[in-house]
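Below: the structure, in structure tokens.
Every number here is computed from the coordinates shown, using simple stated rules; none is lab data. Just so it is clear, the model here is predicted, and its values are computed rather than measured. Don't worry about glycine lacking a Cβ; one is built from the backbone with ideal geometry, like all the others, and counts go over all protein chains shown.
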Amino acid sequence: MDWLGLKDKVVVVTGGSGGIGRACLAAFHGAGARVVSLDYAAKNAEAAAAAIDPGGARAMGLGCDVSSESSVALAAQAVADTWGGADILVNNAGILRPGPLADLPLADWDRMLQVNLSGCLLTAQAFGRQIAAKGTGSLVHVASISASQPQPFSGAYSPGKAGLTMLSRQLAYEWGPKGIRSNVVSPGLVLTPLSEAFYADETVKAAREALVPMGRIGHAEDMADAALFLASPRAGYVNGQEIVVDGGLSQTLMGSVPRPGYQAR
């Protein structure tokens, strides 16, 4: 049964070689969709696609710098030529350049926003035209709980993710009449190749797990499942929204405030 209604849909995933990107490729492919992995390095994009579908019949990888309008245009043209254009875009590509705001180099600030925010606009524009031509489709943007909970000493990461959530809402408003929905998945603590160094120390891992009400660190597949739902017709009246996938971490602020007589027994 095609319960999700995604059979033969064309799904483009930016940052497809990363942890969440690969999980999204696998989830959509498993739901019957044709998937396109975009990555700055073409060999990484191709490897991610081959890992999902070794025969290449329902998966392909393309090199693409999402911060470059011409690079995005070339990727969009390749998808149009091969499979007639996208039905769904998952904006997942992102970078992190840490640093305190007091002396953050402007170049680092600009580069993060170019990829994490402007890149999402460029891909939305290019693939959105293809989706609009089909009359219906979906955008899913991978933001972060850092969009609403400032992540210190991480440069432009939180401002960029906050901008992305607002970009999604504006796209939802402007493009809803075209049949295009736009929504956000905001991960909390997730174990991916980008973050695995944080969990190499078991003490740090245990301390992080203790912060999450569900008692575990999220998996890339947790995020992919949320993206799968938002992209599918099962979420056909969900537009301009954000699903926070963090095991309840973002709801724990008041638990850190001392309140005699209200502690767990």
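The table below gives the values:
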{"quantity": "From the coordinates shown, volume of the Cα convex hull per residue in Å³ corresponds to which of [x] 165; [y] 125; [z] 152", "calculated": "[z]"}
{"quantity": "Long-range amide H partners of VAL90 with built H, under 5 Å", "calculated": "VAL12, VAL13, THR14, VAL140"}
{"quantity": "Ordering of 175-188, 3-16 by burial proxy (mean other Cβ atoms within 10 Å per residue, highest first)", "calculated": "3-16, 175-188"}
{"quantity": "Degrees between helix 69-83 axis and first principal axis of the chain (Cα, 0 to 90, nearest 10)", "calculated": "60"}
{"quantity": "Extension gain (nm, one decimal) between GLN77 and LEU96, 0.36 nm per residue minus Cα-Cα", "calculated": "4.0 nm"}
{"quantity": "Those aspartates and glutamates that a straight Cα-Cα span of less than 18 Å connects to LYS134, excepting residues fewer than 8 apart in one chain", "calculated": "ASP8, ASP81, ASP87, GLU174"}
{"quantity": "Radius 11 Å from Cβ of ARG208, net charge of other residues (Lys, Arg +1; Asp, Glu -1)", "calculated": "-1"}
{"quantity": "Equivalent ellipsoid semi-axes, region 1-110, via Cα gyration tensor eigenvalues times 5, rooted, Å", "calculated": "28, 15, 12"}
{"quantity": "Phi to ³J(HN,Hα) by Karplus 6.51 cos²θ - 1.76 cosθ + 1.60 over region 159-168, Hz, x for Gly, Pro", "calculated": "x, x, 5, 5, x, 5, 5, 6, 4, 4"}
{"quantity": "Point-to-point label distance, VAL238-THR252, nm (Cα→Cβ direction, 7 Å offset)", "calculated": "2.4"}
{"quantity": "Placed amide H near GLY61: partners under 5 Å, 5+ positions off or other chain", "calculated": "SER37"}
{"quantity": "Rounded Å value of the spacing that divides the Cα centres of region 1-63 and region 178-238", "calculated": "18"}
{"quantity": "Förster-model FRET efficiency, 45 Å R0, ASP53 and ASP103, C-beta, rounded to 0.05", "calculated": "0.45"}
{"quantity": "Cα-based helix-to-principal-axis angle, 119-134 vs the chain, degrees rounded to 10", "calculated": "40"}
{"quantity": "Percent RCO, i.e. relative contact order, over the chain, from Cα pairs under 8 Å lying at least 6 residues apart", "calculated": "18"}
{"quantity": "Computed label-point distance, nm, for sites GLU174 and PHE153 using a 7 Å Cα→Cβ extension", "calculated": "3.8"}
{"quantity": "Region 123-265 - charge dipole about Cα centre, Lys and Arg +1 at Cβ, Asp and Glu -1, debye rounded to 20", "calculated": "480"}
{"quantity": "Under-5 Å amide H pairs with ILE243, H placed in peptide plane, nonlocal only", "calculated": "VAL184, VAL185, SER186"}
{"quantity": "Pairwise label distance in nanometres, MET1 with SER195, each label 7 Å out on the Cα-Cβ vector", "calculated": "3.3"}
{"quantity": "Gain on full stretching of the segment that runs from ASP8 to GLU69 - 0.36 nm per residue minus C-alpha separation", "calculated": "19.2 nm"}
